[in-house]
Structures are given as structure tokens and as C-alpha cells.
Amino acid sequence: AARLRRLDSDPRFVAAARGARGRLPGDERYGDPLSTAGAEPAHLLGQRIAARAGERPSAARELGLGALQLWQALAEAQGRGHGREDVAILFTDVVGFSTWALDAGDGRAVELLRRVAAAVEAPVGAHGGRLVKRMGDGHMAVFDAPEEAVAAACEAVAGVGAIELAGHRPQLRAGIHAGSPRQLGGDYFGVDVNVAARVGAAAGPGEVLISSALRDRLADGAVALARGWRLDAKGTPDDLEVYLVAEPTTTKCNT
């Protein structure tokens, strides 16, 4: 066992394994916290392999991560992740939550967050969405079908609007954009994610805004739009247009 450990840490074997990874397709840096930060089996296995050797150089570790790197590349070649998957990106948050929480106190703030999470995450799952992350009073989710993203957003807005806590009625806002962000581990990155966040921030209380890119992917007649305008926000394209959702065919928004 001691000899195997020495061989596994031998700089020559480690360098050879890393060199092999560099010639494989996929992300040769697979195994860092970003690339394995997910709940999929490959992510969990990558976390275990990366943690097993710790900071010690290990040829076995490099070979194990190389196998997962190759698996990831094959998955990407089939259209999953790495910027090849076209998705609808939803951002939500509770308007004025931080200001309200200062006066309400931690106990009520936590209770409200729990109720908001239930009101948002249930329709996300019911409409085939994948919750990417929670951000305090906000959520990010992705959907394969743009119509389902709009329906989930409207149900979430209505659900949060029905909450009452100590005389306070929170209001949710939501923004949806469509694009092909890069998937790294369980998260998504890239310009399209930033645009979706800006669209969400531009929505008013109880509103759902969608970008022109999302609108163009909707089936005819699936969603009624009240009005549109050009959004001038930092980090967004100069020609970005957004539209206020009036009434999807499946549910009504509080607009």
C-alpha cells in the first residue's frame, strides 16, 4: 500500500495523467468546486474523487476525473450543457424584502422566506423547471419549454401575492430570458444569465417580464403580452426589448 501511494504521487505519473487529460475532449479542469457543484451522480462522484486525494498530487485522481471529463464531453456533444442547450432562464425576487426584514426581525423574515420558497418552487417543479439556486428571497431556475417558464412565473407571482404575514403582503417580480448559457456543475454562467437577471430586476411588483429572445421562442397565442419597451440596463445588449406578460393561456398574472 505504501508503494502504491508513492507511485500514485510520483511526479512522472501525475504529469502523464494530467497530460492525458489535456488531450481528452471536455473541460480538463473538471474537478474544481465550480465544475462539481451539483447533485447529479457525476457531480457527486467528482466531489468524492477530488476530496479523496485532497491537496496531494495523485495520478489516480487525475485519471478518475479524466473519465468524468470525458463523460461530460460526451453529454455536451448530445446537447447538454457547455452552452449548447437552449433554455429559458427565470429569475425571481421579493420586492422590498430587505427593507421590510429590517423592521420585521429575523423570525418573521425566515418564516416569509419559507413561504415564498414554497410558493415559487412548487410551480417551478410542476412545470418541468430545474431550480438552479436560491439567493435569499430570490430564485433562479431553467426550463426547456419557454411556455412552461412563463406559466411557472405567473403561478409563483400569484402564490406569493396570496401570502399574508403579520399584516404584510409580499409581492414577487420575475424576469425570463432565453439563451444558451454555459452549464458548469449545477450552475449556469454567461451573458444570457446576466441578461435574465437584469430583466427580472426591471420587473415591477407582481409583474412578469420576458425578453424578446424568449418571446420569439413562444408558440403563437401561448402568452398574451401587454406592452413592450427597450430595456436600457448595464450589462445588457443595446437592442434588448422586454415585454410585460398580461395573461398566459394557463394562468393569470397579477399585472
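A few comments on the model shown:
- Solvent-accessible surface of region 115-255, taken per residue with a 1.4 Å probe and all protein chains present: 43 Å².
- Using θ = phi - 60° in the Karplus curve 6.51 cos²θ - 1.76 cosθ + 1.60, the 3J(HN,Hα) couplings for region 88-95 round to 9, 10, 10, 10, 9, 7, 8, 5 Hz; x is entered for Gly and Pro.
- Computed from the C-beta positions of Arg18 and Phe189, the FRET efficiency with R₀ = 25 Å rounds to 0.55.
- Average Cα contact separation per residue, region 166-242, under 8 Å, 6 or more apart, as relative contact order %: 31
- Note that region 124-222 shows a convex hull volume over its alpha carbon atoms of 105 Å³ per residue.
- Under the Karplus curve 6.51 cos²θ - 1.76 cosθ + 1.60, θ = phi - 60°, whole-Hz ³J(HN,Hα) for region 108-113, x wherever Gly or Pro sits: 5, 4, 5, 4, 5, 4
- Portion, in percent, of the accessible area of region 111-254 that falls on carbon or sulfur, probe 1.4 Å: 47
- Taking a sphere under 9 Å around the Cβ of Ile163 and counting the other residues whose Cβ falls inside, with K and R at +1 and D and E at -1, yields a net charge of +1.
- Looking at region 199-249, the trypsin sites (Lys or Arg not before Pro) that sit in a DSSP loop and have at most 11 other Cβ atoms within 10 Å of their own Cβ are Lys234.
- Distances between placed amide hydrogens fall under 5 Å for Ala246 paired with Ala224, Leu225, Ala226, all partners being 5 or more residues away or on another chain.
- Förster-model FRET efficiency, 35 Å R0, Arg108 and Asp86, C-beta, rounded to 0.05: 0.30
- Cut-off under 5 Å, modelled amide H: who pairs with Leu231 long-range: Leu240, Glu241, Val242
- Backbone HN-Hα couplings from phi across region 199-206 [Karplus 6.51/-1.76/1.60, Hz, Gly and Pro as x]: 4, x, 5, 7, 6, x, x, x
The values are calculated or read from the model by the stated rules, or taken from the named source; none is laboratory data. Just so you know, these numbers come straight off a predicted model, no measurement behind them. Ideal geometry is used to build each Cβ from the backbone, glycine not excepted, and the neighbour counts take in all protein chains shown. Remember, those area values only see protein heavy atoms, side chains included, never the ligands or the DNA or RNA. Shrake-Rupley method; radii C 1.70, N 1.55, O 1.52, S 1.80 Å.
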